[in-house]
Amino acid sequence: MSSEEPRVRAGRARGTDAPGSVRTLERGLGVLWALAGLREASLTQVARAAGLSPSTASRLLETLRQQGFADWDEASGLYRVGLRAYQVGMAFDAAQALTGAAGAEMRALVAALGESANLAVLRPHGASGLEAAYVYQVEGPQLVRMFTRVGASAPLHASGVGKVLLAARDPAEVRAALEAATLVAFTPHTLTTPDAVLAALDRVREQGFALDDQERELGVRCVAVPVRGAGGEVAAALSVSAPTSRLTPGEVPRFLAAAQAAAARIGARLGWQG
């Protein structure tokens, strides 16, 4: 099992109102989809396109409007798709561009090193937090290899990709987030205090890479580097993971050089000219 794969957590029992809540969500998404097709429409037109009564469509449109997914022009009485829906679409485009740029380079990296490679980005988590989420993986050919699931999350304080992504954020923002979080000790090597994590992030900024040295799981080591977007921002983190028996301290420089070269090529595909 990879140090980067989260443990299975018990699922929360669904309340008795869950089926109704899901149905409401389905209807709300149907209204948004209908509105996207109509471009601009009255309440009656949206309700007809979504197959709902005007009263139900009105309630759903008001919720979408409050959340920024729909706009209403009081003068004309017409609805249109809101800015937040556009932002979701832009995020999808960005994710597609990132994984499209990374695929070939990550396959070449895995072929060169014989170990699994992962690509992760920051995403919102909870009310005001962040987490690292894996968006792409190429598995190594070894019988014993590191793996994770696309869409799975990694602890920011105890993973190479997490530290790379945190290091790119404002230090004051990071300190506040760390002080508000519970820094789980996965192994005896896990950094569990904000000061320890912040010191590690200073090293990441200075050295240009992060090392997960058995911090997520005993017997597993990971090297992670930043991938930069067109504007020079850290768009993602690229990591290579392996058992400590294969990724020894002496092998770290070779893995690091290969990962940095791959990250630079991915960045160039994204438009970075650094």
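The values are calculated or read from the model by the stated rules, or taken from the named source; none is laboratory data. It should be emphasised that the depicted structure is a prediction, and the values quoted were computed from it without experimental measurement. Counting neighbours? That spans all protein chains shown, and the Cβs are built from the backbone with ideal geometry, glycine included. Quick note on the areas: whole protein, heavy atoms, side chains included, nothing else; ligands and nucleic acids left out. Shrake-Rupley method; radii C 1.70, N 1.55, O 1.52, S 1.80 Å.
Can you check what the net charge comes to around Ala268, using other residues whose Cβ is under 12 Å from the Cβ of Ala268 (Lys, Arg +1; Asp, Glu -1)? The answer is +2. What a 1.4 Å probe finds exposed on segment 193-274 is 53% carbon and sulfur by accessible area, rounded to a whole percent.
Would you work out if segment 139-262 is rounded, prolate or oblate? Take a ≥ b ≥ c from the square roots of the eigenvalues of the alpha-carbon gyration tensor; rounded if a/c is under 1.5, else prolate when a/b is larger than b/c, oblate otherwise. Oblate, because a/c is 1.5 or more while a/b does not exceed b/c. Note on Leu83: accessible area is roughly 110 Å² with a 1.4 Å probe, heavy atoms of protein only.
For His157, the solvent-accessible surface computed with a 1.4 Å probe is close to 10 Å², ligands and nucleic acids excluded.
The coefficient of translational diffusion for segment 151-217, derived via Stokes-Einstein from the alpha carbon Kirkwood radius under 4 °C and 1.567 mPa s, stands at 110 µm²/s. Heavy-atom accessible surface of Trp272, to the nearest 10 Å², is about 80 Å², with a 1.4 Å probe and all protein chains retained.
Given R0 = 51 Å, the distance between the Cβ atoms of Ala180 and Glu139 translates into a calculated FRET efficiency of 0.90. In this rough spin-label picture, where each label sits 7 Å from Cα along the Cβ direction, the Asp73-Ala264 distance is 5.2 nm.
Rounded, prolate or oblate: which one fits segment 183-229, using the alpha carbon gyration tensor with axes a ≥ b ≥ c (rounded when a/c is under 1.5, else prolate when a/b beats b/c, else oblate)? Oblate shape, in that a/c is at least 1.5 and b/c is the bigger or equal ratio.
Per residue, how much accessible area does segment 115-274 have with a 1.4 Å probe, in Å²? Don't skip to the end; give the middle numbers.
On the way: 7100 Å² over 160 residues.
Heavy-atom SASA per residue in segment 115-274 reads 44 Å².
In order along segment 168-178, the phi-based Karplus estimate (6.51 cos²θ - 1.76 cosθ + 1.60, θ = phi - 60°) of 3J(HN,Hα) comes to 7, 8, 5, x, 5, 5, 5, 4, 4, 5, 5 Hz; Gly and Pro are listed as x.
Net charge near Ser153: determine it from the other residues with C-beta under 9 Å of the C-beta of Ser153, scoring Lys and Arg +1 and Asp and Glu -1. Mind dumping the intermediate values first?
Working: positive: Arg123; negative: Glu131.
The answer is 0.
FRET efficiency for the pair Arg123 and Ala257, taken as 1/(1 + (r/R0)^6) with r the Cβ-Cβ distance and R0 = 30 Å, rounds to 0.55.
Where does each of Leu43, Leu64 land when they are ordered by accessible area, with a 1.4 Å probe and the largest first?
Values: Leu43 50, Leu64 25 Å².
Of Leu43, Leu64, the descending order of accessible area is Leu43, Leu64.
Dipole check for segment 134-274: with +1 at the C-beta of Lys and Arg, -1 at the C-beta of Asp and Glu, and the Cα centre as origin, the magnitude is about 480 Debye.
What is the sum of charges around Ala176, taking Lys and Arg as +1, Asp and Glu as -1, for the other residues whose C-beta is under 15 Å from the C-beta of Ala176? Let's see the in-between values first.
Values: positive: Arg169, Arg175; negative: Asp170, Glu173, Glu179, Asp195.
Summing Lys/Arg as +1 and Asp/Glu as -1 gives -2.
Could you give the length gained on full extension between Trp33 and Ala111, defined as 0.36 nm per residue of separation minus the Cα-Cα distance, in nm?
On the way: separation 78, 0.36 × 78 = 28.08 nm, distance 4.23 nm.
Residue separation times 0.36 nm, minus the Cα-Cα distance, leaves 23.9 nm.
With θ taken as phi - 60° and the Karplus curve 6.51 cos²θ - 1.76 cosθ + 1.60 applied, the whole-hertz 3J(HN,Hα) list for segment 193-205 is 10, x, 5, 5, 5, 4, 5, 5, 5, 4, 5, 4, 5 Hz, x standing for glycine and proline.
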